[in-house]
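The structure appears below as structure tokens.
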Amino acid sequence: MQDNPETRAALPVLPARALPAGTLQLTINGKPFYHRGDPAMPLVWYLRDTLRLTGTKFACEGGCSGACTVLVDGKASASCRLAMLDAAGHAITTIEGLDANGLHPVQQAWIELDVIQCGYCQAGQIMAAVALVERTPNPAESDIAAIGNLCRCGTYPHIRAAILRASELVRARKP
Amino acid sequence: MTTPRDPSRRHFLRVAVSAGGALVIGLGGRHAAAAESSLPSELIGDELMRLGPFVMIERDNRVVIGARACEVGQGVRTSGPMLVAEELDVDWSQVRVIQLGYGYDEVDGRPDDRYGAQSGGLPADAARDWSDLRMAGARARALLLRSAADVWQVPVESLRTQSGYVIDGSDRRLSYGALARSAASLQPADAVTLKEPADFRLVGKPARTSDAADIVRGRTRYASDEFLTGMLVAVVARCPHPGGTLEGADEAAARKVPGVRDVVRFDGSASGVSPLAPLAAGIAVLADTTWAALEARARLAPTWKPAEATSESSARLVARAHERLDGEDAGLVVRKDGDLAASRKRARHQVKARYELPFLAHAMLEAPAVAVELRQDGAVVIAAVQDPDATSRLVSDLTGLPRGAIDIRLPRGGGSFGRRLANDFVAEAIIIAKLAGKPVRLMWTQADDLGHDFLRPLSVHALSATLDRGNRIAGWSHDCAGTPRNDRGKSQDSVPAWDGCLDADAFPAGLVAHFEQHFHPLDSTLPRGAWRATADTAQAFATQCFIDEIAFEVRRDAVALRLELLGEARVVGANGGAPGLDTARMASVLKRCAEAIQWNSRRRDGRGVGIACHAWAGGCVAHAFETAMDGDRLRIERAVCVIDAGRVVNPLGLEGEVAAATVDGIATALHLAITTRDGQVQQRNLQDYRIMAMAQAPARVEVHIVESASDPVPAGDLAFNSVAPALANAIFATTTVRVRKLPLMPELLRML
Ligand code: FES
Ligand code: FES
């Protein structure tokens, strides 16, 4: 992975005006990035291989596990199903970008309630939960049940409790 | 195998001698290499004194404790270091946990595990942790005490420790950090005293996952997240026919994909051969990025040649199992107590039933991934493996490198359930890296793993019981036809033919005077392997459903019938060194579970309650469910688990593990099966092998942990066993339909 042209293409060096044709621009964790490689490549590989933001996992590559969940303009989306072409122009948040300095209430609740088993699904679970509690700070059971992210280890009861705890923390958050 | 021994003492001596007193991590030394690689970055450059293989102490009294087994969700990265910290007598808040690599070492030219056995997934591991990790902590503490005694010139007996300080009679204190350098130069004593359980300050108290803060920030690196310098990503197209070969592939098309660097081919291993080679023949694409490799693989269009025309299918295996069970041939005798034939003649009542269990896949959320760098003089292998001793021998065999030159690192693994006890994916990665001549990260997709897994055996169980005049169980027979686990190599002769299908000592063996078990092995070309408690996952289902069926037949209470079987307090079935069934512990777990679910109160509104219990590896568990039908869905209103998993190191971790295993048990029992046709697995991806999502999971699992002074047992694997039968029994109570075939839901909907 030493001389990977995509790594170079990823460096946010070009001013937006001077973009060569075919360059895709997107915002990841608040910073602009430019992609000149395959526009059909799913975002998950751009994050993991090009930017080495490996907090975003992948499992099924088929949009069903949710292991690769990121926020696209605040909405939870499967990054394995989102081509770079379609990600372009959008603001992406990954697990690494949730809170640069501290912990998002969801992350805090996850630690507090000791949700983790193997941990592999949890970045995706956390991103799905963030999308939920930021939009619906008082989620109903049905909102939580609607999260389709899979956990092979079976941590759902703990995830559910942590989402309820996180929503408390979100509601108590200073405006 | 290396001989088991006490790792906590040997390496004190070695480290002390080799480093002339104190070993400063960061300056190297062969013995420090593994720990060094995973040292938290803020500690690099600091002066850490090593006190034995697991403990390092910094000047400012921070303590670093190494975790020796690979963490795959069983909590060992937290519970193991807690045991060391307990005996070292430090506060948990002082402790940083680091993951140790595989500690291969040699003493007098013979292999030696620096950290003791590192398997961390088998029943013996939890018990061994309990003894030798505590010893490691106690030895380090003894050195600190002696070094303080030297400083103050007082007898060591006059000193005590607390929270990382040595304290004398007049309340003078010295921190461990201040004492560590001189302590590291002392010769450790042979005999040290361990704390009395009543004095435990950490063990038995809840502790959160030691690396949770990294995981929730996405900082934890799994093997699939590793980048080695100059590395290529490899993905493989594998032969879907067991034992088959590659005929051809469009390599040129694959090489045209930008970023593709190489395409290599390799052979698989024949069925019945120990997998020193990869399981299946394959063709690997090596590329700069995962995406390029996946794209190129999709263009390979490989053609495969089956080893022989096979019409094997899971449906035919099941049919064959029934034929065997119907046939004249009694099969292999697994166990024979008393005189069953005579008991049948005397019987007042006879009850019979058959149960079917499918193949199961592990379906870890993180499919196998291995990062490998091979050099002339050594190798680095990064993989979440649960038998790193076997990994080390395998890599040495495949590369010709001495084991001491192979650095095996053990990142967190995204699940295992027994899958990571196999090393087939490591073999594949080594072979590909050799062919490519470059560092490689081999990536499996989940579809790859579903198609090339070591499956939980398929089995059919025929049970029959005879009852006497008092409707007590007098005779019991259990005949099983199945595909035994041990299809590949590993000491074919040393393992019984029924391994993975039937357990000669499982409940109610030893409790019924006239008792027989027989086994009929079925041939299959599909690889089978360890899957949680393997045989017990099947045996508990058959046995615990059957007891309910007997109770129903003779109108007896299902809990009372079990308690009667357990009888007076004693330990039975302790054959071959395995822990026996302690009937008193089992009975108390069952009673507590019945109480918790309010077994004796009648349900109305169409709800029903089912219960089941099981003993495994010296632990006891019971589950009870209260269920209702909701259209064609089963609603789980309550899920209760009572567990005696031996000594509890971390109750919070145990509770989480048991709740999760219960959810896994529900998901598996209700929906999951691997089916095969023409010798191939039919489930191609997670859409076909549907792991349960949040919406179907119970909102809560009520976990009750029973206090116990026996050896710890892997709690998740223990808990899993009683879930399926308790659910089947609850379904019967709810619907009056007895489902004797797993998975339950398709069969229930067919029968309703
Ligand atoms: S990896 Fe994207 S949804 Fe499964
Ligand atoms: S914690 Fe293992 S998959 Fe969710």
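Given the options B:R684, B:R647, B:R690, name the one that is surrounded by fewer than 20 Cβ atoms within 10 Å (Cβ to Cβ) and over 21 Å from A:S65 (Cβ atoms).
Working: B:R684 fails: over 21 Å from A:S65 (Cβ atoms); B:R690 fails: over 21 Å from A:S65 (Cβ atoms).
None of the other options fit; the residue is B:R647.
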Got a sec? Which of B:L294, B:L286 is within 14 Å of chain A (Cβ to nearest Cβ) and in a strand (DSSP E or B)?
B:L286
Residue in region B:337-382 that is farthest from B:G121 (Cα to Cα), counting only those that are assigned to a strand (DSSP E or B), more than 16 Å from ligand 1 (Cβ to nearest atom) and within 14 Å of chain A (Cβ to nearest Cβ):
B:E373
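Under 24 Å from B:A140 (Cα atoms) and more than 36 Å from the chain's Cα centre (by Cα), is that true of B:L179? Spell out the reasoning first.
Values: under 24 Å from B:A140 (Cα atoms): yes; more than 36 Å from the chain's Cα centre (by Cα): yes.
Considered against the rule, which asks whether it is under 24 Å from B:A140 (Cα atoms) and more than 36 Å from the chain's Cα centre (by Cα), B:L179 comes out as yes.
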Between B:D453, B:D407, which is surrounded by fewer than 23 Cβ atoms within 10 Å (Cβ to Cβ), in contact (Cβ under 8 Å) with a residue 24 or more places away in the chain and either part of a helix (DSSP H, G or I) or under 24 Å from the mean Cα position of the chain (by Cα) (or both)?
B:D407
If I ask for residues that are under 32 Å from the mean Cα position of the chain (by Cα) and not hydroxyl-bearing (S, T, Y), which ones from region B:282-296 would you list?
B:G282, B:I283, B:A284, B:V285, B:L286, B:W291, B:A293, B:L294
Quick one: count up the residues across region B:383-404 that are within 21 Å of B:R77 (Cα to Cα) and in a loop (DSSP other than H, G, I, E, B).
5
Lone qualifier among B:L332, B:L300 - being within 30 Å of B:L467 (Cα to Cα) and either within 16 Å of ligand 2 (Cβ to nearest atom) or not small (G, A, S) (or both):
B:L332
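Being part of a loop (DSSP other than H, G, I, E, B), touching a residue at least 40 places away in the same chain (Cβ under 8 Å) and of a type in the set (S, T, Y), is that true of even one residue in region B:114-134? Don't jump to the end; show me each part of the working.
Restricting attention to region B:114-134, the residues satisfying the condition of being part of a loop (DSSP other than H, G, I, E, B) are B:114-122.
Among the residues that remain, those that are also touching a residue at least 40 places away in the same chain (Cβ under 8 Å) are: B:114-122.
Next cut, of a type in the set (S, T, Y) only: B:115, B:119.
Yes, because at least one residue in region B:114-134 is part of a loop (DSSP other than H, G, I, E, B), touching a residue at least 40 places away in the same chain (Cβ under 8 Å) and of a type in the set (S, T, Y).
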Within region A:58-104, of all residues that are closer than 28 Å to B:V235 by Cβ and acidic (D, E), the one surrounded by the most Cβ atoms within 10 Å (Cβ to Cβ) is A:E61
Could you list, in sequence order, the residues of region A:33-46 that are at the interface with another protein chain (Cβ under 10 Å from one of its Cβ atoms) and not aromatic (F, W, Y)?
A:G37, A:D38, A:A40, A:M41, A:P42, A:V44
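Filter the strands (runs of 3 or more DSSP E) completely within region A:66-153 down to those with at least 1 residues that are within 16 Å of ligand 2 (Cβ to nearest atom), in contact with a strand residue (DSSP E or B) (Cβ under 8 Å, 6 or more places away or on another chain) and within 10 Å of chain B (Cβ to nearest Cβ).
On the way: elements: A:69-72, A:75-78, A:91-93.
In region A:66-153, there are no strands (runs of 3 or more DSSP E) which contain 1 or more residues that are within 16 Å of ligand 2 (Cβ to nearest atom), in contact with a strand residue (DSSP E or B) (Cβ under 8 Å, 6 or more places away or on another chain) and within 10 Å of chain B (Cβ to nearest Cβ).
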If a residue must be more than 8 Å from chain A (Cβ to nearest Cβ), without any contact (Cβ under 8 Å) to a residue 60 or more places away in the chain and either outside any loop (DSSP other than H, G, I, E, B) or crowded, with 20+ Cβ neighbours inside 10 Å (or both), how many such residues does region B:201-257 contain?
10
Being surrounded by fewer than 24 Cβ atoms within 10 Å (Cβ to Cβ) and not in a loop (DSSP other than H, G, I, E, B): is that true of A:R171 here?
yes
Could you name every one of the helices (runs of 4 or more DSSP H) located completely within region B:640-746 that has at least 2 residues being charged (D, E, K, R), touching a residue at least 40 places away in the same chain (Cβ under 8 Å) and at the interface with another protein chain (Cβ under 10 Å from one of its Cβ atoms)?
B:651-671
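Within region B:578-637, can you find the residues that are among the aromatic types (F, W, Y) and more than 16 Å from B:Q539 (Cβ to Cβ)? Don't jump to the end; show me each part of the working.
Filtering region B:578-637 down to residues among the aromatic types (F, W, Y) leaves B:599, B:616, B:625.
Selection gives B:W599, B:F625.
No lab work stands behind these numbers, since they all come straight from the coordinates. Given the structure is predicted, the values throughout are model-derived calculations rather than measurements. Methodologically, a virtual Cβ is constructed for each residue, glycine included, from the backbone with ideal geometry; neighbour enumeration extends over all protein chains shown.
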